[in-house]
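The values are calculated or read from the model by the stated rules, or taken from the named source; none is laboratory data. Keep in mind that what you see is a predicted model, and the values were worked out from it rather than measured. No Cβ is skipped: glycine too gets one built from the backbone with ideal geometry, and neighbour counts run over all protein chains shown. Side chains are part of the model used for accessible areas, which takes the heavy atoms of the whole protein and leaves out ligands, DNA and RNA. Shrake-Rupley method; radii C 1.70, N 1.55, O 1.52, S 1.80 Å.
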Amino acid sequence: MVVLPVVAVVVVRSSVATLVAPPASAFVAPPPPSPAPVPAEDRTPEVRGRILDADGNAVAGAAVRLVSPRPPYDVHADASTDREGAFSFPRVTENAVRVVAAHDPEGVVSSAELLPYPGKTTEVVLVLSPAGTVRGIVVDRESRPVPGAAVSVEGVPWIARRATSDDAGGFAVAAVPSEATAVVVVARGYRTARVPLQRDDATVETFLHVTLVEASPVPGLVVDDEGTPVAARIVACEGEPSEARVESGDDGAFELPPSAIGCSAVAERDDAAPSDAASVVEGSPLRLRLKPGGTIEGNVVDGRGAGIASFQIAIETFTSAHARSFGKGGARSFEDGRGSFRWEKLPPGTYVLAASAAGRPPVRSDPIEVRAGAATRGTRIVLASGGVVRGHVYDDHHEPLAGVELHFDLVSSVLDSSAAATTDGNGAYLLEGAPAGPFTLRAQKSGFRTHFVSALRVAPGGTLEQDVTLSPADGRGGLELGGIGASIVPSPEGIKFGGVFPGDPADRAGLRGGDRILRVDGESTDSMSVADAIQRLRGEAGTSVGISVLHAGDTEPVDVVVVRGSIVH
């Protein structure tokens, strides 16, 4: 390291005015006074200078810092050199400082202690010189390499010197200044290791063999917003290979595995807002405090705006900052002459509610934003009168079938329709409370396959004529419907195919289990429930449906057109 002498430059200028009286005979009027000079900005006490390389060339873009002259080397100001290698720290308030600089690959440099004085400018010229490299290997107690360990240098806060161990556990930290006191190694699941640096010559390469010891689990406690211990879910390292999910007991106590050290952890509960994220630190117990949940207030009314006195509400979908869930929470019953409801203790996020009442099909609300500790008011859900579906049910010889039970299938992911009908001796039925659609009519009778008639629509208060033919159970399957031959499942990322049945239309179209469904017939699934997606994928055999999916591991969606078939299972 080369440190050039510190040069304090103080320039004091003084001027003396000489007055000469003009001869009386030559008296002339004095010229108008000149404008007073604008004083230069006072930047003192100032520390400024230049950074050069070993050949004396200016180094542009060098990181320069003003630090305390002695440990812990607090950083007071940052600067960067210009094209001439120059830097400046104006109006320095500290009594004693040092200037340190670094630039790869030229090296590092540190000045001697500087004493800035009021009214003076201190100038320094510093020459970068190569510093030593610290190499090493990180292993566990069984001498197995530890990849991904974070290696950093202590004692030189003005310069970041870091590395990550490779698959063989090796690392290299270049240009480590002589003031560095230790190398710190952090790896998930292990205790932090600090290895002192003892070097007679800072430019010599140093090799370290670092052995990490497995860390102990990290204990913690979850409390509610009033400080009372509660049971909750704890998620650490979310979305990472070391992700950990545990649950606290009724006493709020939990324990995270050592692999969570170095991650952030959050506590969650269905009736509260999540806690703030907290760092999982070795040997430091966690305390996660849940925040108060939000509230939804609103009314359920009929088509004329009158309150419905008795109704049910459930959460059809819920989207938080982290993920989306479906069918969250059980249905709640409300009795109020004005149709009013209040649902408290909800985690923040976007909700879609489903409401139903006797004789009326379930209806979903518009998206509702809920904030922690706040009430969202004014939600209005209109339960209009449903349509009517009527017709006859026959066997495969077109003979009327009596005693066939008919229902609406999957009108909601969380609420069932109470509508039901049974065919009379002539096979006739009348089923009230039909949703607008698309919806599915389910017909079932012992000795016959359960038959699903899908893609039906009817206007509120309108009537749809629909006959149904049932096939006798022949051992090949207990149900039949028009569809693509795939199951649908919810996931935090959205709606996915749970499985694709071999030989059915979805399989022949190249769809696979785990595919995320992005759009159905051009409509985004972001606003769909699981029931919505199923109703849109079902349909009469021979009709087609366009589906946009994202295969697992892919980044670009794939668009396919699937011709529905007659599915028997």
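What to note about this one:
- Pair list, Cβ < 8 Å and 6+ apart or interchain, from the stretch 69-81 residues that are outside any strand (DSSP E or B) to residues that are modelled with pLDDT of 90 or more and of a type in the set (Gly, Ala, Ser): PRO69/ALA96; ASP74/SER68; THR81/ALA58; THR81/ALA60; THR81/GLY61; THR81/ALA62; THR81/ALA101
- Candidate set: the stretch 526-541, residues that are part of a loop (DSSP other than H, G, I, E, B) and within 15 Å of LEU410 (Cβ to Cβ); chosen: the one farthest from the chain's Cα centre (by Cα): GLY539
- Residue match in the stretch 400-408 (condition: part of a strand (DSSP E or B), among the hydrophobic types (A, V, I, L, M, F, W, C) and over 22 Å from LYS496 (Cα atoms)): yes
- Residues of the stretch 395-409 that are surrounded by fewer than 20 Cβ atoms within 10 Å (Cβ to Cβ) and either in contact (Cβ under 8 Å) with a residue 24 or more places away in the chain or among the acidic types (Asp, Glu) (or both): ASP395, ASP396, HIS398, GLU399, PRO400, ALA402, GLY403, GLU405, HIS407.
- Within the stretch 548-566, residues that are free of Cβ contacts under 8 Å to residues at least 40 places away in the same chain reach partners that are open to solvent by 80 Å² or more (accessible area, probe 1.4 Å) and assigned to a loop (DSSP other than H, G, I, E, B) with beta carbons closer than 7 Å, at six or more positions or on different chains, in the pairs HIS551/ARG512.
- With respect to the conditions (1) surrounded by 21 or more Cβ atoms within 10 Å (Cβ to Cβ); (2) out of contact with any helix residue (DSSP H, G or I) (no Cβ under 7 Å at 6 or more places or on another chain), ALA236 falls short on a single one, namely (2).
- Qualifying residues in the stretch 249-307 (those that are more than 30 Å from ALA358 (Cα to Cα) and of a type in the set (Val, Ile, Thr)) - the one most open to solvent (accessible area, probe 1.4 Å): VAL281
- Entry remark, the stretch 116-144: residues being within 29 Å of ASN95 (Cα to Cα) and of a type in the set (A, V, I, L, M, F, W, C) number 6 in total.
- Under the condition of being over 24 Å from the mean Cα position of the chain (by Cα) and on the phi > 0 side of the Ramachandran plot, the residues counted in the stretch 229-254 number 1.
- Just one residue in the set VAL173, VAL204, VAL184, VAL195 is surrounded by fewer than 20 Cβ atoms within 10 Å (Cβ to Cβ) and touching a Lys or Arg at 6+ places or on another chain (Cβ under 6 Å); that residue is VAL184.
- Listed by position, the strands (runs of 3 or more DSSP E) contained in the stretch 341-384 that have at least 2 residues being charged (D, E, K, R) are 360-364, 375-382.
- Here the strands (runs of 3 or more DSSP E) wholly within the stretch 229-316 that include at least 2 residues being closer than 29 Å to ILE368 by Cα are 233-236, 244-247, 264-268, 286-289, 294-301.
- Residue check, ASP302 among the charged types (D, E, K, R) and more than 19 Å from SER365 (Cβ to Cβ): no
- Residue count for the stretch 94-104, restricted to those that are surrounded by fewer than 23 Cβ atoms within 10 Å (Cβ to Cβ) and touching a residue at least 40 places away in the same chain (Cβ under 8 Å): 2
- Lone qualifier among GLY249, GLY262, GLY239 - being free of Cβ contacts under 8 Å to residues at least 12 places away in the same chain and not charged (D, E, K, R): GLY239
- Consider the stretch 559-569 and keep the residues that are open to solvent by 20 Å² or more (accessible area, probe 1.4 Å) and modelled with pLDDT of 95 or more. The one that is farthest from LEU470 (Cα to Cα) is ASP559.
- From the list ALA354, ALA321, ALA375, ALA331, the one residue that fits, being open to solvent by 20 Å² or more (accessible area, probe 1.4 Å), within 27 Å of LEU431 (Cα to Cα) and of a type in the set (A, V, I, L, M, F, W, C), is ALA331.
- Considering the conditions (1) part of a loop (DSSP other than H, G, I, E, B); (2) open to solvent by 30 Å² or more (accessible area, probe 1.4 Å); (3) on the phi < 0 side of the Ramachandran plot, ARG91 is excluded by exactly one of them, (3).
- Count of residues meeting criterion [open to solvent by less than 40 Å² (accessible area, probe 1.4 Å) and of a type in the set (Ser, Thr, Tyr)] in the stretch 436-468: 3
- Criterion: at pLDDT below 95 and either surrounded by 20 or more Cβ atoms within 10 Å (Cβ to Cβ) or aromatic (Phe, Trp, Tyr) (or both) - qualifying residue of SER417, SER385: SER417
- Qualifying residue in the stretch 196-210 (condition: of a type in the set (D, E, K, R) and farther than 29 Å from ASP74 by Cα): no
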